[in-house]
Amino acid sequence: MTAFARALNRYVRRGQVTPAEMAEVAGCSAVHVRAVVRGDKNLAHKKVERLSGWLVDERGLTEHIEGMLGVSGAVHFHPEEVENDDCLTQEIYDSRQYAAAADSLLKAGDRKEAAEQMRRSIKRSKAALADIEMPAQDA
């Protein structure tokens, strides 16, 4: 879970903002924002920028900025982790390569490294799902 998502989660728990309000500002569904708050999904970079500006300007909330700037030392939001280009070719290729490596490592008896390769495969599959769920943004 990113520092940004953790901050959104705190804002919601404290009643400072609702997922519906954030969804309206970000331009997505409240269901998607709730998934972001849980750490299951990410927002497209443009939506993060829009939401972040609104949280600061309209609500005076700044906790989400600390992690993005590195002040807290927390995990940072990296928009390049999910490239919303409406094309899954690279994600599918990467996922299959990592899964194949996991299979080979497991057959060789290296369960720890096989598990790491499978985690990478799953991460790339999740990136593909995010690409499907979030339409490509015009630059």
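What trypsin sites (Lys or Arg not before Pro) does the range 1-34 have in DSSP loop regions with at most 14 other beta carbons within 10 Å?
Answer in residue order: Arg14.
What is the fewest-to-most order of Glu21, Glu49 by other Cβ atoms lying within 10 Å of their Cβ?
Placing the least packed residue first, the sequence is Glu49, Glu21.
Could you please rank Lys112, Lys41, Lys123, placing first whichever residue has the fewest other Cβ atoms within 10 Å of its Cβ?
Least crowded to most crowded, the residues run Lys112, Lys123, Lys41.
What number comes out for the charge environment of Ala99, summing +1 per Lys or Arg and -1 per Asp or Glu over other residues with Cβ under 10 Å away?
It works out to a net charge of +1.
Given Cα pairs under 8 Å that are at least 6 residues apart, what percent is the relative contact order of the range 89-133?
That works out to 48 percent.
Using Cβ counts within 10 Å as a stand-in for footprinting exposure, how do Asp103, Asp131 rank, fewest first?
Ascending number of Cβ neighbours within 10 Å: Asp103, Asp131.
Each value in this text was obtained by applying a stated rule to the coordinates, not by laboratory testing. This structure is a prediction, so every number in the text was calculated from the model and none was measured. Note that each Cβ is placed from the backbone with ideal geometry, even for glycine, and that neighbours are counted across all protein chains shown.
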